[in-house]
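A short write-up of the structure that comes next.
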Amino acid sequence: MRTQAIQPSDWRGVFPVPPLCRRTDARRTIDFAENRRFVDYMGASGTTRLLYGGNAFLYHITLAEYEELLGWLQELPDQYWCIPSAGPSYGRLMDQAAILRRHKFPTVMHLPCGDPRDAAGLEAGLRDFADACGLPLILYVKDENNLGANQEAGLDALGRLANDGTCIGIKYAVVRKDPSVDAYLDGLLKRVDRSIVISGIGERPAIAHLRKFGLPGFTTGSGCLAPAPSHRILDLCYAGKYDEAEALRQLFIPHEDLRDAWGPARVLHASTALAGIAETGAIPPFTTPLNAAQCEQLGPVAKGLAAHNQVAAATA
């Protein structure tokens, strides 16, 4: 696994956010053999960035499992850049910081939370976590009130954290009806260098974020099924071929629609198995798996994306 320090140029790319495969035993233990199948599938398409977070249900992982996961990620081949997430609560972060200290990750992402918070308090807590784990952070901005109700104060806090190196990356995931119109993102980019901000909501807003705001890359859930087409979208945007990128983006929309309707992580967990990529197994509480009717509807969509990946990978 890659351990070198992160440079701004490293954010130019596609960052799949994978599911975490588990067994169906009573404890729902992590199935590292199936997780390696998934990693190998990504690697076959040249995808080496892996951001483990919400789609892996890391909100609900135990500390013992977290230790196991970090140890396994660290042993992956050097070409893979594996980014774990931590949190979201302060106590959880500080417990996980001790585990992160025992490993060699170049960064860690803070999961967004909905607990009572304000900008100054969250900024102080994130600094405590960064000091405790000895790592710079990726911050996940999921809504305008992620850093408290005072949006200007939150943006200012993000600016300070980025400008002093506590934060080296921002996953921007505020949903808009029209992603090309976003005053909050405009405000963020006035405070931090856009080279460290990546689009964080998959293919749906990615082209608008790259074209209008000049963001260097994007995260993807559906791209876990079709990493080669995801990378092709990025390459077309870099080349200014936005119409071609938009046509390719449409392949992902049926899957994204189902993720929006039934829950992004639940759908990706099921579709990874339905597409034959890896057996994802059980979902940990507090969530439930898709039912049979949902899986019947999802199956052709998931298999279709995986088929598009085979074609794109063969012609890349």
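Per-structure values
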quantity	calculated
Label-point gap, in nm, between residue 98 and residue 212 - each point 7 angstrom along Cα→Cβ	4.6
Radius 11 Å from Cβ of residue 132, net charge of other residues (Lys, Arg +1; Asp, Glu -1)	-1
Net charge of neighbours whose Cβ lies under 13 Å from the Cβ of residue 89, counting Lys and Arg as +1 and Asp and Glu as -1	-1
Gyration tensor (alpha-carbon) shape descriptor, the range 24-106, a/c threshold 1.5	oblate
Qualifying trypsin sites (Lys or Arg not before Pro) for the range 104-168 [loop in DSSP, other Cβ within 10 Å: at most 13]	104
Theoretical FRET efficiency, 1/(1+(r/R0)^6), r = Cβ-Cβ of residue 132 and residue 293, R0 35 Å, to 0.05	0.15
10 °C / 1.306 mPa s Stokes-Einstein diffusion coefficient of the chain, Kirkwood radius on C-alpha pairs, µm²/s	81
For residue 85, residues with placed amide H under 5 Å, excluding near neighbours	52, 109
Diffusion coefficient, µm² s⁻¹, Stokes-Einstein with Kirkwood Rh over alpha-carbon pairs of the range 94-148 at 20 °C and 1.002 mPa s	182
Other-chain or far-sequence residues with amide H under 5 Å of residue 140's (modelled H)	110, 171
Contour minus Cα-Cα distance for residue 29 and residue 7 (0.36 nm per residue)	4.4 nm
Amide H partners (placed H, <5 Å) of residue 49, local residues excluded	81
³J(HN,Hα), Karplus 6.51/-1.76/1.60, whole Hz, each residue of the range 278-286, x for Gly, Pro	6, 7, 7, x, 7, 9, x, x, 9
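Just so you know, all these numbers are worked out from the coordinates, no wet-lab data involved. It should be emphasised that the depicted structure is a prediction, and the values quoted were computed from it without experimental measurement. Positions of Cβ are generated from backbone atoms using ideal geometry, with glycine treated the same way; all protein chains shown enter the neighbour counts.
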